[in-house]
């Protein structure tokens, strides 16, 4: 079965050295997303990048990584993503957050549970 829906994608750009209360900020974001009941969250590590500082951060063979870029991606219904944004306010994120509308396509072997945002309505 193929299900197509509109949703919002929340993209949070961080550095792997960003810390909140003695733990990586991305860990706290994923745990908050899980607690909020969002469909899922993924953290992607970049090999090279730069942000507002214009300083290029890169992985090098002969030294430890130096504040490499991370991207936290979350896709869910507009209502859930908009409600979750306030959960990020106290994290003191020093990066960019992007919210954009996406079309999702979900393939399943059978009819999905009605409790998920991608369920057939």
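Each reported figure results from applying straightforward, stated rules to the coordinates on display, with no laboratory input. On a predicted model such as this, the values are computed, not experimentally measured, just so you know. Using ideal geometry, Cβ is built from the backbone for each residue, glycine included, and neighbour counts are taken over all protein chains shown.
The stretch between residue 45 and residue 108 holds 19.9 nm of extra length on full extension. This uses 0.36 nm per residue minus the Cα-Cα distance.
Modelled label positions at residue 100 and residue 36, each set 7 Å beyond Cα in the direction of Cβ, lie 1.9 nm from each other. Here residue 22 and residue 86 are evaluated by their C-beta separation; at R0 = 22 Å the FRET efficiency comes out at 0.45.
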